[in-house]
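> Please read through the structure below; I'll follow up with questions.
The values are calculated or read from the model by the stated rules, or taken from the named source; none is laboratory data. These figures come from a predicted structure and were not determined experimentally. Because the Cβ atoms are built from the backbone with ideal geometry, glycine has one as well, and the counts that use them run over all protein chains shown.
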Amino acid sequence: MNAAYPSFPAHASPASTHANATPVVFVIDADAAVRNCLESLIQRAGWQPQTFASAREFLSRQRVAAPSCLILEVALPDLNGLDLLERTSESRIGMPTIFITGSGDVHTAVRAMKAGAVEFLTKPFAGEVLLAAIRGAIERSRAELDDEIELRQLRHYYASLSQREREVMALVVRGLLNKQVAGELGISEITVKAHRGKAMQKMRADSLADLVKIAARLKITTVQRGRHQARPHTALDPAGAHMYAVAAAA
């Protein structure tokens, strides 16, 4: 069971998707009085509330392309709040969670924090305390969404590379010189330079340092070459100063 999270086009930018969107605060609590109270508090603060009586209602909601956070009661009628948080930890990108409970204990608080909660509040709590927690969660949501959009952009750029451009990029970011890359791939140094230039252009990299950072973000290590899987070995650079992992055909 996975909670949905905002889905953006690969070419989207933070400014075009959520910079001006009203933040959404989701509330899951079986107590109608609590839901109504929190809904009014959230509206007065200028955010958009969406309330749910159960985890299943929340999981079937419509996706939103806006910064958001989740206020989650531990005790729910269908799925325990802690279980919901643990099961959806990888799919709640851009949706920090604030736990609320009427009977908090150390064990529950520790479990909630390990599952990714950013705050753990015990009822009754002051409205300003919750509002402060929401503000912090929304700022965190903005940062997470910006990071996710940037990563999707990089994946989109990488998908536009040809197979040879990927092979050249994988070797270049490991520190190999054009001459060494040419030897590894069995092509001319001039061809390597051409593929390297195209890869940097398509990846929007202004320098080799930028390309290395991008490769690290995309976790690029080896690239399949034809029917052969690349495997790492080590080679010494001409100056003898560094050891580089070189992707070589198996």
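> Out of (1) among the basic types (K, R); (2) surrounded by 14 or more Cβ atoms within 10 Å (Cβ to Cβ); (3) within 19 Å of L218 (Cβ to Cβ), the odd one out for R140 is which?
Against the list (1) among the basic types (K, R); (2) surrounded by 14 or more Cβ atoms within 10 Å (Cβ to Cβ); (3) within 19 Å of L218 (Cβ to Cβ), R140 comes up short only on (3).
> Among the residues of the range 149-169, are any in the same structural domain as D210 (by TED's automatic domain parsing), charged (D, E, K, R), buried (at least 16 other Cβ atoms within 10 Å of the Cβ) and part of a loop (DSSP other than H, G, I, E, B)?
No, every residue in the range 149-169 fails to be in the same structural domain as D210 (by TED's automatic domain parsing), charged (D, E, K, R), buried (at least 16 other Cβ atoms within 10 Å of the Cβ) and part of a loop (DSSP other than H, G, I, E, B).
> Within the range 143-158, can one find any residue that is among the basic types (K, R) and within 28 Å of I93 (Cβ to Cβ)?
yes
> Conditions: (1) small (G, A, S); (2) in a helix (DSSP H, G or I); (3) surrounded by fewer than 17 Cβ atoms within 10 Å (Cβ to Cβ). A112 meets all but one. Number of the miss?
(3)
> Check every one of the helices (runs of 4 or more DSSP H) wholly within the range 1-88 and list those with 3 or more residues that are at pLDDT 90 or above.
So the answer is 32-44.
> Here is a check on your reading of the model: is Q180 in a helix (DSSP H, G or I), of a type in the set (S, T, N, Q) and in contact (Cβ under 8 Å) with a residue 24 or more places away in the chain?
When the stated conditions are applied, Q180 passes them.
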